[in-house]
Amino acid sequence: MIHVIGIGLDGIAGLTEPVRQIIESANLLVGSDRHLSYFPLHPAERLVIEDIGLTFKTLCRQLIRWNSGSLENPASRNIVVLSSGDPLFFGLGRLLLAELPADQLDFHPHLSCIQLAFSRIKVPWQDARIVRTHGRTLDELLTVLREGASKVAILTDDKNSPSAIARLLLSLDLPNHYDFWVCENLGGADERIQAFPVQQADDIIALESQTFSSLNVIVLVRQLGHANDRLELERLPTFGLPDSSFLTLSDRPGLMTNREIRILILGELGLQPGQIVWDIGAGTGSVSIEMGRLFPKSQIYAIEKTSAGISLIEQNCQRLQVRNVISIHGSAPDILDRLPVPQRIFIGGTGGQLRTILGFCGGQLAKGGTMAIALATLEHLNEALNWVNEHQWDYHILQANLSRSVPIAHRTRFYPLNPVTILTINKPEL
């Protein structure tokens, strides 16, 4: 039997008595220099893990030798493999199971570094996303952050260090903020837990000035409420607001029209001062607010079917001091007949009623007016084109496949945004 035993930075003190007895009876101790150093007087043969492949070959040769009966006392055959924390949590357990029969392995887990990290910052972690960046790319972390995970634990390495993770987090311009914890040497005498702000470039400079132990875990906890309420309006651009300017749904923080797509939509609509504009499926109100800030004498009607969305639209208007966006709670097209005739219409969401909404909007749109529709699927594009061709109106299509640059360690790469097709339709003057 091979006993795979998890051990923490507290060494022997953190082990239970039954586990200590297993280790005491071992004929062969396998582990890193650090793990083996906890047992300086142990009489067993030692195998230091330096190269995983060579270590497994040595283990297999030892098993063959023992199974051949070369030991005088077969009952004393006992191998102990020491591993950090829980061997089956990003540990040696997976590698051992890939090489050796499961019935020859017995696992004795210790507390994992993730358990200890969340315990230290006193945050429940049953819904946390665990990302290992040790020796890997940051693709998985990028996806998790873009999805707006509420809690993320990150296993780092020298390349993907706390400062590198912080630079990546800041560069993404997320519509939410995270508390950023660095937890070092968990369970050891020199354990250290620190929280850092990561909301502007100066915060990254302060973080880079720190020296961290190689044994560290980063924990990100999405801030409740809206910590980004501290908005400095005078520093915002007139056009193309950062995504982080807007409050978003707590359970779907990434569900909004990205800055780059908003810019394209406003360009496609060809807005002019003093117009009536409908924004159907307004969501958080990001497109409506961009219109309202650019053209304060226009009237923007933000139509949204969810009460949560309406609340966000109103909060975002208040925080960005936009007063010409009127939120309308209801489903299109049922709610639209009470609105004034628009010169421009943007359709960002249809709730499965695309053709019906197009029919009503086409009838209500002023002559010479323009509609722009953001479409995510080929089926919806085909449905919209069929409607346009039946009416023989002019149109053009813009397909946007955009990527943002993100810092990866000491290099820069591109990370794609979701592709969007914008169909722009012009109603004839006559």
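The values are calculated or read from the model by the stated rules, or taken from the named source; none is laboratory data. Keep in mind that what you see is a predicted model, and the values were worked out from it rather than measured. Each accessible area value is taken on the protein alone, full model and side chains, heavy atoms only, with ligands, DNA and RNA left out. Shrake-Rupley method; radii C 1.70, N 1.55, O 1.52, S 1.80 Å.
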Among Ser209, Ser331, Ser119: highest mean-square fluctuation, GNM of the chain, C-alpha pairs under 10 Å: Ser209
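What is the antiparallel percent of DSSP beta bridges lying wholly in the range 228-427, to the nearest 5? Mind showing how you got there, number by number?
Working: 19 of 37 bridges.
Expressed as a percentage, antiparallel bridges in the range 228-427 total about 50.
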In a Gaussian network model over the chain where Cα atoms closer than 10 Å are linked, find which of Ser83, Ser32, Ser327 has the largest mean-square fluctuation. Ser32
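When ligands, DNA and RNA are left out and all protein chains stay put, how many square angstrom of accessible area per residue does the range 265-419 have with a 1.4 Å probe?
Numbers: 7390 Å² over 155 residues.
Value for the range 265-419: 48 Å² per residue.
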Derived scalar couplings ³J(HN,Hα) [the range 306-320; Karplus, 6.51 cos²θ - 1.76 cosθ + 1.60; whole Hz; x for Gly, Pro]: 9, 5, 5, x, 4, 4, 5, 4, 5, 5, 5, 4, 5, 6, 9
For n ≥ 4 DSSP H runs only, could you compute -39500 (n - 2.57) per run for the chain, divide by its residues and tell me the 222 nm figure to the nearest 500? -9000 deg cm²/dmol
At 37 °C and 0.692 mPa s, grab the translational diffusion coefficient of the range 2-111 from Stokes-Einstein with a Kirkwood Rh over Cα pairs, rounded to a whole number in µm² per second. 233
5 angstrom amide H check on Arg132, placed H, neighbours 5+ away: Leu155
Going residue by residue through the range 338-349, the Karplus relation 6.51 cos²θ - 1.76 cosθ + 1.60 with θ = phi - 60° gives ³J(HN,Hα) values, rounded to whole Hz and with x marking Gly or Pro, of 8, 9, x, 4, x, 9, 9, 9, 10, 10, x, x
Of Arg235, Arg46, Arg323, ordered by accessible area with the largest first and a 1.4 Å probe, the sequence is Arg323, Arg235, Arg46
Under 5 Å, built H, 5+ apart or other chain: amide partners of Ile328: Ala302, Ile303, Glu304
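Once a ≥ b ≥ c are taken as the square roots of the eigenvalues of the Cα gyration tensor of the range 114-224, is the result rounded (a/c under 1.5), prolate (a/b larger than b/c) or oblate (a/b not larger than b/c)? Working shown, then result.
Working: a/c = 1.35, a/b = 1.14, b/c = 1.18.
Note, shape of the range 114-224 comes out rounded.
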Which whole-number percent gives the relative contact order of the chain, counting Cα pairs below 8 Å spaced six or more residues apart? 11
Please express the Cα-Cα pair-distance distribution P(r) of the range 228-427 as a list of whole percents, one per 5 Å bin, running from 0 to the bin with the greatest distance. 1, 7, 16, 20, 21, 16, 10, 5, 2, 1, 0, 0
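Counting DSSP beta bridges in the chain, what percent are antiparallel, to the nearest 5?
On the way: 36 of 75 bridges.
The answer is about 50 percent antiparallel.
Working with all protein chains in place, sort Thr306, Thr412, Thr350 by solvent-accessible area computed with a 1.4 Å probe, largest first.
On the way: Thr306 55, Thr412 105, Thr350 30 Å².
Of Thr306, Thr412, Thr350, the descending order of accessible area is Thr412, Thr306, Thr350.
Could you sort Glu260, Glu232, Glu50, Glu429 by accessible area so the largest value comes first, with the probe set to 1.4 Å? Walk me through the numbers on the way to the answer.
Details: Glu260 45, Glu232 90, Glu50 155, Glu429 130 Å².
Descending accessible area places them as Glu50, Glu429, Glu232, Glu260.
For the range 115-232, with every protein chain kept in place, what is the accessible area per residue (1.4 Å probe, Å²)? Let's see the in-between values first.
Details: 5460 Å² over 118 residues.
Accessible area per residue: 46 Å².
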Whole-percent carbon and sulfur share, accessible surface of the chain, 1.4 Å: 51
Hey, how many Å between the Cα centroid of the range 10-37 and the Cα centroid of the range 78-146? 19
Stokes-Einstein at 37 °C, 0.692 mPa s, Kirkwood radius from Cα pairs: D for the range 333-430 in µm² s⁻¹? 218
Mind listing the long-range amide H neighbours of Val4? Cut-off is under 5 Å, sequence gap 5 or more, other chains count too, H placed in the peptide plane at 1.01 Å from N. Val81, Asp106, Phe107, His108
Three semi-axes of the equivalent ellipsoid, the chain, Cα gyration tensor, whole Å, largest first: 60, 23, 17
Just the number please: accessible area per residue for the range 2-111, 1.4 Å probe, all protein chains included, in Å². 53
So which lysines pass the test for Lys367, namely a Cα distance under 26 Å, with those fewer than 8 places away in the same chain ruled out? Lys297, Lys427
